[in-house]
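The values are calculated or read from the model by the stated rules, or taken from the named source; none is laboratory data. If you're wondering where the values come from, they're calculated on a predicted model, not measured in any experiment. Please note: Cβ atoms are built from the backbone with ideal geometry, for glycine as well, and neighbour counts cover all protein chains shown.
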Amino acid sequence: MAVSPAVISDYFEPISGKNEHICTPAGATLQYPNHTQMHGSKLLILSGLILALAAHPVSEAKASNGFPSPGASKLLAVADTSARRIAAADWRLVFSDEFRSAGKFNAGSWTYCERGSAAWTRYLTSSPDYVYQAGGNLVLRMDNAIIAGDAVPYHSGGIMTSSKFSIRYGKIEVRARFSKGKGSWPAIWMMPELPTAYGGWPNSGEIDIMEHVNNENVVHQTIHNSAVTNEKGASTATHQASYHADDYNTYGIVWNPGSIEFYVNGEHQYTYKKETAAGSKQWPFDRPFYIILNQAGAVGWPGPANNADLPFEMKVDWVRVYKQQELPNPGFEQAGLGPWQAGAGAKVVRAHARSGGRAVRLKGGASILAQTIGGLLPNTTYTFGGYVRTNTSSPSLLLGVKNYGGSPAETPIAGKKYQHGLVTFTTGAQQTSATVYISKPEAGTAYADDFYLNKQ
Ligand SMILES: [Ca+2]
């Protein structure tokens, strides 16, 4: 698929009046949008590419804030005694950036947000002085330094995953800290990869995972669509949450087909629900969205900056995105093969694991490893994938799916290093199960690990 790079300035236009301040008398806090109308077309990143980006390893070293990480979520649930926390679930990491290196951000995952007329874009620059990695963080900066040849009073940094990574449904978490100051406006948020899928902003939706302005002691978490956003761009679907000022906090959402739950430091804050028989006006959140990290300010929602408070800075420790794992024992880390069913020659071994400490080995003659998954939704698209290595470039193994209400589908995988393969299938109108498998049709030895089944 050819990627047609589009710059934000090409398709963002301001909404008049959105920068005016609005007061509400009845306790409801109206919130300004980050965003403006968008038009033009952009490329949808489909699951295959998302999966291809999923190979970044995750270290638990930074996960000291009590947030669910792969393998840790169950322990967290046990410790939960009061407030509702992000539910224990088998989440599979599909995208992450730990910002460990120094210098420029990973251009495979991010691109610069570009200057435009929308308030948040007004002072954006692609100067590396305003977006860089240092000390294990992504640093997004804003100040009023003079840059020769660029006569704007401020410069600020922002990056996004548009055209690199987008996701529909899953868990998105970002650990970050930011400075306060009059005029500051750091944000962690998401916009639709197809910006006009349901019409220009706000019709196609916006998910603001975290926004902070000025010296407030709260952060804001907000939904925008045409049902909750008024003509001035303010939303009634918003919540103010307390956070630990002067420290890192984790801001997250759990996005399901029927709701978007907002979290701060793992504590549930607010849920925006899809209404019964909702149309796109109320629920445009059924398409992939991409992630934006930016430090804005001095215009728009926070108002003018107090230059004595500069520089403004947001440091992002990490971004982690997960999809719900629907497949039991996907990486063979449990004792035994179950619930996988296998013929002779299949065994869990402590060798050649792709992750964790174990993989499954298929040895000897032809053999198959299969699992029938129940509890699937009818007429729903899933992706089954995994990783396989063979002792030689042949035999190739077949990764496939059958008994799902459609024609069996399979794909060959071969190679001395782990190779990724996937099949996508849509369950039948009455079908709630499917059989996924790998099959080794001829003699030889192969290893397999890290299978997954994701609802698209
Ligand atoms: Ca494993």
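How many residues are within 16 Å of the ligand (Cβ to nearest atom) and touching a Gly at 6+ places or on another chain (Cβ under 7 Å) if we restrict to the stretch 359-385?
Within the stretch 359-385, residues that are within 16 Å of the ligand (Cβ to nearest atom) and touching a Gly at 6+ places or on another chain (Cβ under 7 Å) number 2.
Whether a residue is in the same structural domain as Gly300 (by TED's automatic domain parsing), surrounded by fewer than 22 Cβ atoms within 10 Å (Cβ to Cβ) and not hydrophobic (A, V, I, L, M, F, W, C) was assessed, and Pro186 does not pass this test. Ala414 satisfies every condition listed in (1) surrounded by fewer than 16 Cβ atoms within 10 Å (Cβ to Cβ); (2) away from the ligand (no atom under 16 Å from the Cβ); (3) at negative phi except (1). Looking only at residues in the stretch 417-456 that are of a type in the set (A, V, I, L, M) and farther than 26 Å from Gly357 by Cα, the one that is nearest to the ligand (Cβ to nearest atom) is Ala434. Among the residues making up the stretch 330-354, those that are within 15 Å of the ligand (Cβ to nearest atom) and crowded, with 18+ Cβ neighbours inside 10 Å are Pro330, Gly331, Phe332, Trp340, Ala346, Val348, Ala353, Arg354. Residues that are acidic (Asp, Glu) and more than 22 Å from Pro304 (Cα to Cα) within the stretch 176-213 comprise Glu193, Glu206, listed in sequence order. Criterion applied to Ser117, Ser126 was being touching a residue at least 60 places away in the same chain (Cβ under 8 Å), closer than 24 Å to Pro192 by Cα and in a loop (DSSP other than H, G, I, E, B), and the one residue passing it is Ser117. Residues that are touching a Leu at 6+ places or on another chain (Cβ under 8 Å) and aliphatic (A, V, I, L, M) do not occur anywhere in the stretch 102-118. Considering (1) at pLDDT 95 or above; (2) farther than 16 Å from Gly331 by Cβ; (3) buried (at least 22 other Cβ atoms within 10 Å of the Cβ), the lone condition that Lys440 does not fulfil carries the number (1).
For the stretch 266-280, the tally of residues that are in contact with a Ser or Thr (Cβ under 7 Å, 6 or more places away or on another chain) and under 12 Å from Asn225 (Cβ atoms) stands at 2. Could you tell me whether any residue of the stretch 274-291 is farther than 22 Å from Ala118 by Cβ and not in a loop (DSSP other than H, G, I, E, B)? No, the conditions are met nowhere in the stretch 274-291.
So how many residues does the stretch 209-227 have that are part of a strand (DSSP E or B) and of a type in the set (S, T, N, Q)? So the count comes out to 2.
Listed by first and then second residue, the pairs with beta-carbon distance under 6 Å, at least 6 apart or on different chains, first residue in the stretch 238-253 and closer than 15 Å to Trp189 by Cα, second basic (Lys, Arg) and buried (at least 19 other Cβ atoms within 10 Å of the Cβ), are Thr250/Arg175. Ala187: more than 12 Å from the chain's Cα centre (by Cα) and modelled with pLDDT of 95 or more, yes or no? In short, yes.
When Leu327 is tested against (1) within 16 Å of the ligand (Cβ to nearest atom); (2) touching a Cys at 6+ places or on another chain (Cβ under 8 Å); (3) not aromatic (Phe, Trp, Tyr), exactly one condition is not met: (2).
Looking across the stretch 292-313, the residues that are outside any strand (DSSP E or B) and of a type outside the set (S, T, N, Q) come down to Ala298, Val299, Gly300, Trp301, Pro302, Gly303, Pro304, Ala305, Ala308, Asp309, Leu310, Pro311.
Scan the stretch 267-301 for residues that are touching a helix residue (DSSP H, G or I) at 6+ places or on another chain (Cβ under 9 Å) and either among the polar types (S, T, N, Q) or farther than 17 Å from Trp189 by Cα (or both) and the total you get is 3. When the residues of the stretch 127-160 are filtered to those that are closer than 23 Å to Val213 by Cα and among the hydroxyl-bearing types (Ser, Thr, Tyr), which remaining residue is surrounded by the fewest Cβ atoms within 10 Å (Cβ to Cβ)? For the stretch 127-160, the residue satisfying everything is Tyr132. If you go through the stretch 232-248 and keep only what is surrounded by 22 or more Cβ atoms within 10 Å (Cβ to Cβ) and in a strand (DSSP E or B), you end up with Ser235, Thr238.
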